[in-house]
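> Dropping the structure in here first, questions after.
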Amino acid sequence: MRSESIRYLIVPGWQGSPDDHWQSHWQRTLPNSSRVEQADWLTPRRDDWVAELERSVASDARPVVLVAHSLGCVTVAHWAAQAPQKLLRQVRGALLVAPADVQRGNCPEALRNFAPIPRQPLPFASLLVGSDNDTAASAARAVELGRDWGSETAILAGAGHINVKSGHHRWEQGFAYLYRLQNRIEQNARKRA
């Protein structure tokens, strides 16, 4: 992976990622990074969000690593379930942080059109990072999603929704998970070579 020019595509969740969110910090820090910009961050429509993710992946032919948060993780799963093979082959992997369980009983109405969550394995390497006290998805649900998607899964203690509200502004320790994912991608590439 070090020999090819990888780009990072930031995939924010509901309401976007403000300037002090770790995703914004990472976008400023990671080389070759950009963000999926949704037309409507407040009342998301699944089809629109999936289409915008597809447009963002297709806009550049370089290999890409997706860095998704919350509803962005669910958007990635929906996209992967129906995306053209050519675009799926561009994706080297996905870091899926604090996925939102849009099927939970107390899910905000604005997010319910993203249900049901696709259950098939993602066709690229993925690492899911959840928390044992995330109101958007229990630890058990995060583990279940990780299993469904074929993701390596890590559950953090007391990390909340891994956003600004839970104290994760720069989330420097999150880079360790990105590096772990990148190492897995490199190992898979060596196995195929």
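The values are calculated or read from the model by the stated rules, or taken from the named source; none is laboratory data. Because the structure is predicted, anything quoted here is derived from the model rather than measured. With ideal geometry, Cβ positions are generated from the backbone for all residues, glycine too; neighbour counts draw on all protein chains shown. Side chains included, ligands, DNA and RNA excluded: accessible areas come from the protein's heavy atoms. Shrake-Rupley method; radii C 1.70, N 1.55, O 1.52, S 1.80 Å.
> Could you go through segment 131-142 and let me know if any residue there is among the hydrophobic types (A, V, I, L, M, F, W, C), outside any loop (DSSP other than H, G, I, E, B) and without any contact (Cβ under 8 Å) to a residue 24 or more places away in the chain.
Yes, segment 131-142 contains a residue that is among the hydrophobic types (A, V, I, L, M, F, W, C), outside any loop (DSSP other than H, G, I, E, B) and without any contact (Cβ under 8 Å) to a residue 24 or more places away in the chain.
> Before we move on, is Arg147 open to solvent by 30 Å² or more (accessible area, probe 1.4 Å), within 14 Å of Leu127 (Cβ to Cβ) and within 17 Å of the chain's Cα centre (by Cα)?
yes
> Being open to solvent by 10 Å² or more (accessible area, probe 1.4 Å), in contact (Cβ under 8 Å) with a residue 12 or more places away in the chain and assigned to a loop (DSSP other than H, G, I, E, B): is that true of Ser34 here?
For Ser34, the condition - open to solvent by 10 Å² or more (accessible area, probe 1.4 Å), in contact (Cβ under 8 Å) with a residue 12 or more places away in the chain and assigned to a loop (DSSP other than H, G, I, E, B) - is not met.
> Hey, Ala98 hits all of (1) in contact with a strand residue (DSSP E or B) (Cβ under 7 Å, 6 or more places away or on another chain); (2) open to solvent by 20 Å² or more (accessible area, probe 1.4 Å); (3) at positive phi but one; which does it fall short on?
Only one criterion is unmet by Ala98, namely (2).
> Which of the numbered conditions does Arg62 fail, given that it passes all the others? Conditions: (1) surrounded by fewer than 19 Cβ atoms within 10 Å (Cβ to Cβ); (2) without any contact (Cβ under 8 Å) to a residue 40 or more places away in the chain; (3) under 25 Å from Ile185 (Cα atoms).
With (1) surrounded by fewer than 19 Cβ atoms within 10 Å (Cβ to Cβ); (2) without any contact (Cβ under 8 Å) to a residue 40 or more places away in the chain; (3) under 25 Å from Ile185 (Cα atoms) applied to Arg62, the lone miss is (2).
> Going by the conditions given, is Ala83 among the small types (Gly, Ala, Ser), within 28 Å of Asn188 (Cβ to Cβ), open to solvent by 50 Å² or more (accessible area, probe 1.4 Å) and in contact (Cβ under 8 Å) with a residue 12 or more places away in the chain?
It is false that Ala83 is among the small types (Gly, Ala, Ser), within 28 Å of Asn188 (Cβ to Cβ), open to solvent by 50 Å² or more (accessible area, probe 1.4 Å) and in contact (Cβ under 8 Å) with a residue 12 or more places away in the chain.
Condition check ((1) open to solvent by less than 30 Å² (accessible area, probe 1.4 Å); (2) within 27 Å of His169 (Cβ to Cβ); (3) among the small types (Gly, Ala, Ser)) across all residues:
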site: Arg7; (1), (2), (3): yes, yes, no
site: Trp14; (1), (2), (3): no, yes, no
site: Trp26; (1), (2), (3): yes, yes, no
site: Leu30; (1), (2), (3): yes, yes, no
site: Asp47; (1), (2), (3): no, no, no
site: Glu52; (1), (2), (3): no, yes, no
site: Gly93; (1), (2), (3): yes, yes, yes
site: Glu109; (1), (2), (3): no, no, no
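> Mind counting the residues in segment 111-120 that are buried (at least 22 other Cβ atoms within 10 Å of the Cβ) and not aliphatic (A, V, I, L, M)?
1
> Right, here's the next one. Considering Ala51, Ala68, Ala58, Ala77, which residue is under 24 Å from Ser166 (Cα atoms) and of a type outside the set (Lys, Arg)?
Sole residue among the options that is under 24 Å from Ser166 (Cα atoms) and of a type outside the set (Lys, Arg): Ala68.
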